Amino acid sequence: MSAVKETSKNIKNAPTTPNRQWLSLGVALAVPFVAAAIGGRATGKSVNTWYRTLRKPAWNPPGWVFGPVWTVLYTMMGIASWQVWRSGNGPTLEDNTLVEPAKKRVVNGALALYGVHLGFNVFWSVLFFGQRNIKWALAEIFVLWALIAATLVRFYRIKPEAGLLLVPYLLWSTFAAVLNATIWRMNRGNLLARLLQDLALRLCRRSIMALVDLLNELAEWPVLKQLWEKDPLALGETAFSQRSKGLQPRTKTADKVVPSICPYCAVGCGQLIYVKDEKIIDIEGDPNSPISRGCLCPKGAATFQLVTGSHRVNDVLYRRPYAKEWEKIPLEQALEMVAARVKKTRDEHWEAETNDGHPLRRTLGIAHLGGATLDNEENYLIKKLFTGLGVVQVENQARI
Ligand code: SF4
């Protein structure tokens with residue numbers, strides 16, 4: 001019930017009109033600039049006085065750079081927070097889907113963290129320019145950096161584009177931390193400053209490496225790959241993942257390939273039997289077969305299972321006369337017994353000639369009935385054998 005109420009509340013509060021969308025975007029953009037204005041009050045007091053007197057590294061950017069850079073960064077921050085806010089306040093204009101209460105809680109948590117980080121952003125200006133305390137500003141900027149990174153990760157999980165919008169901000173903050181540490185060292189010159197500067201440099205390196213990883217990940221993004229390879233429908237190599245690129249058919253490793261015929265029915269589709277280490281590893285249709293041209297019906301395609309399946313009977317079962325149980329006997333013994341019975345029956349029922357002396361050379365004591373799984377070659381051999389024995393009733397389901 002509470003979930004239904006929550007959903008109704010979401011729908012009620014949803015920014016479903018373009019006006020509300022623009023309003024929410026305006027608020028999201030205004031928030032970081034308000035924070036900047038508060039920090040600017042502290043900065044304004046010292047930037048043209050005390051700050052000018054500090055010793056700074058040669059790579060310190062000229063003063064006019066900071067304004068445009070921060071304007072761009074605050075704008076990106078505002079857009080990112082707006083995108084995240086919209087994810088938690090559906091139905092949205094983008095996909096018209098309802099937002100679950102659980103997702104809304106995640107979004108609110110991320111926005112709260114964003115707000116805390118903005119407070120630290122302002123606080124750094126207050127410490128550095130307002131209080132002119134470079135050391136504590138340096139300590140504070142490490143906390144600020146961690147908050148930015150945490151906000152970026154949370155934003156990225158909710159909406160990847162929002163997280164990416166904070167990447168330049170994280171890089172700039174890393175640079176600012178290095179600059180802060182260098183200024184402190186140059187103006188104080190103690191060991192702790194150098195340690196903090198090293199730490200800042202390491203952070204810088206790590207964030208660059210993280211950025212490279214991120215770019216590599218992005219390069220694997222299917223849409224980008226399709227655009228880059230000019231394959232908009234993803235019908236070419238862009239459809240491959242790294243895993244599927246490394247795949248190869250199991251038939252590729254076969255030691256030899258033996259042509260054969262499907263054992264199931266009299267159509268006689270061609271097959272290729274792939275053998276490795278004297279074991280069958282696969283059975284496929286033979287593209288050179290004039291009958292099937294590489295195709296197999298579902299039954300024929302399952303021939304591999306017929307040959308290798310665990311249910312396949314490999315022993316001959318024999319029940320002796322008057323016995324109640326079946327016993328397993330070797331195939332060779334079974335064949336000997338069948339041959340002996342055929343000979344005995346043939347001898348007992350042999351008809352050499354008719355009553356008036358015409359040659360017959362036949363037996364009616366044996367008949368052969370074949371099934372549809374027999375193929376041409378097998379039927380040829382059966383016909384040849386049984387006709388040679390004088391058997392005249394040779395029948396096969398497929399009558400080939
Ligand atoms: S069972 Fe299927 S694959 Fe095998 S010969 Fe008949 S039609 Fe062809």
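Computed from the coordinates by the stated procedures, all read-outs in this text should not be read as laboratory data. All of these numbers come straight from a predicted model, not from anything done at the bench. With ideal geometry, Cβ positions are generated from the backbone for all residues, glycine too; neighbour counts draw on all protein chains shown.
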Point to revise | Cα-based radius of gyration of region 193-233 once divided by 2.2 N^0.38 Å, which approximates compact folds | key: 1.88
Review point. Working out 0.36 nm times the residue gap between residue 310 and residue 24, then minus their Cα-Cα distance, what length gain in nm do you get to one decimal?
Key: 96.4 nm
Exercise for review: Could you go through region 379-396 in sequence order and give the Karplus-derived ³J(HN,Hα) for each residue, using 6.51 cos²θ - 1.76 cosθ + 1.60 with θ = phi - 60°, rounded to whole Hz, and x for Gly and Pro?
Suggested key: 5, 4, 5, 4, 4, 5, 5, 6, 5, x, 7, x, 7, 9, 8, 10, 10, 9
Exercise for review: In whole angstrom, note down how far apart the Cα centers of region 14-70 and region 291-316 are.
Suggested key: 73
Review point. From the residues 303, 211, 273, which one has its Cα farthest along the dipole of region 189-335 in the positive direction, the dipole being from +1 and -1 charges on Cβ of Lys/Arg and Asp/Glu about the Cα centre?
Key: 211
Check your understanding: Taking the Cβ of residue 255 as the center, what net charge do the other residues with Cβ under 13 Å away carry, scoring Lys and Arg +1 and Asp and Glu -1?
Key -> +2
Exercise for review: Could you list which residues have their amide H under 5 Å from that of residue 316, counting only those 5 or more apart in sequence or on another chain, with H placed in the peptide plane?
Suggested key: 329, 331
Revision key, fill the gap. With 0.36 nm assigned to each residue of separation and the Cα-Cα distance removed, residue 332 to residue 198 gains 39.9 nm
Check your understanding: Charges only on Cβ, +1 for Lys and Arg, -1 for Asp and Glu: so what's the dipole of region 133-191 about the Cα centre, in debye to the nearest 20?
Key -> 100
**Study point:** FRET efficiency, 1/(1 + (r/R0)^6) with R0 30 Å, evaluated for residue 164 and residue 233 via beta carbons
**Key:** 0.70
Review point. Averaged over all directions, how much area does the convex hull of the C-alpha atoms of the chain cover when projected, in nm²?
Key: 40.5
**Study point:** residue 240 paired with residue 139, simple spin-label distance in nm, labels 7 Å along Cα-to-beta-carbon
**Key:** 5.6
Review point. How far is the Cα center of region 209-271 from the Cα center of region 370-397, in Å?
Key: 46
Check your understanding: What ranking, highest mean first, results for peptides 123-129, 28-34, 241-247 when packing means the other Cβ atoms within 10 Å averaged over each residue?
Key -> 123-129, 28-34, 241-247
Revision key, fill the gap. Rounded to the nearest whole number, the Stokes-Einstein translational diffusion coefficient of region 203-330 at 37 °C and 0.692 mPa s (Kirkwood radius, C-alpha pairs) in µm²/s is 164
Check your understanding: Starting at 0 and stepping by 5 Å, how many percent of the alpha carbon pairs of region 350-400 end up in each bin?
Key -> 5, 21, 26, 18, 13, 9, 6, 3, 0
Point to revise | Other-chain or far-sequence residues with amide H under 5 Å of residue 282's (modelled H) | key: 274
Exercise for review: Beyond 21 Å, what share of the Cα-Cα pairs of region 273-400 is found? Please give it as a whole percent.
Suggested key: 64
Exercise for review: State to the nearest 20 debye the size of the charge dipole of the chain about its Cα centre, where the only charges are +1 on K and R beta carbons and -1 on D and E beta carbons.
Suggested key: 2920
Point to revise | Full-stretch length increase - residue 372, residue 37 - with 0.36 nm per residue and alpha-carbon distance subtracted | key: 111.7 nm
Review point. Once you put a point 7 Å from the Cα of residue 380 and another 7 Å from the Cα of residue 255, both along the Cβ direction, what distance in nm separates them?
Key: 2.9
Practice item. Please turn the phi angles of region 278-295 into ³J(HN,Hα) values with the Karplus equation 6.51 cos²θ - 1.76 cosθ + 1.60 (θ = phi - 60°), one per residue in order, whole Hz, x for glycine and proline. Key: 6, 10, 6, 10, 5, 10, 10, x, 8, x, 8, 6, x, 7, 10, 6, x, 8
Review point. Given a cut-off of under 8 Å on Cα pairs at least six residues apart, what relative contact order in percent is computed for the chain?
Key: 10
Study note, to complete from the structure: Here the net charge surrounding residue 331, from other residues whose Cβ is less than 15 Å away from its Cβ (Lys, Arg +1; Asp, Glu -1), is -2
Practice item. Can you spot the lysines whose alpha carbon is less than 22 Å from residue 276's alpha carbon? Ignore those fewer than 8 places along the same chain. Key: 252, 256
Check your understanding: What ranking of 120, 240 emerges when the number of other C-beta atoms within 10 Å of each C-beta is taken as an exposure proxy, fewest first?
Key -> 240, 120
Check your understanding: How much net charge surrounds residue 241 when only the other residues with a Cβ under 12 Å from the Cβ of residue 241 are counted, with Lys and Arg +1 and Asp and Glu -1?
Key -> +1
Review point. How many percent of the alpha carbon pairs in region 250-308 exceed a separation of 20 Å?
Key: 18
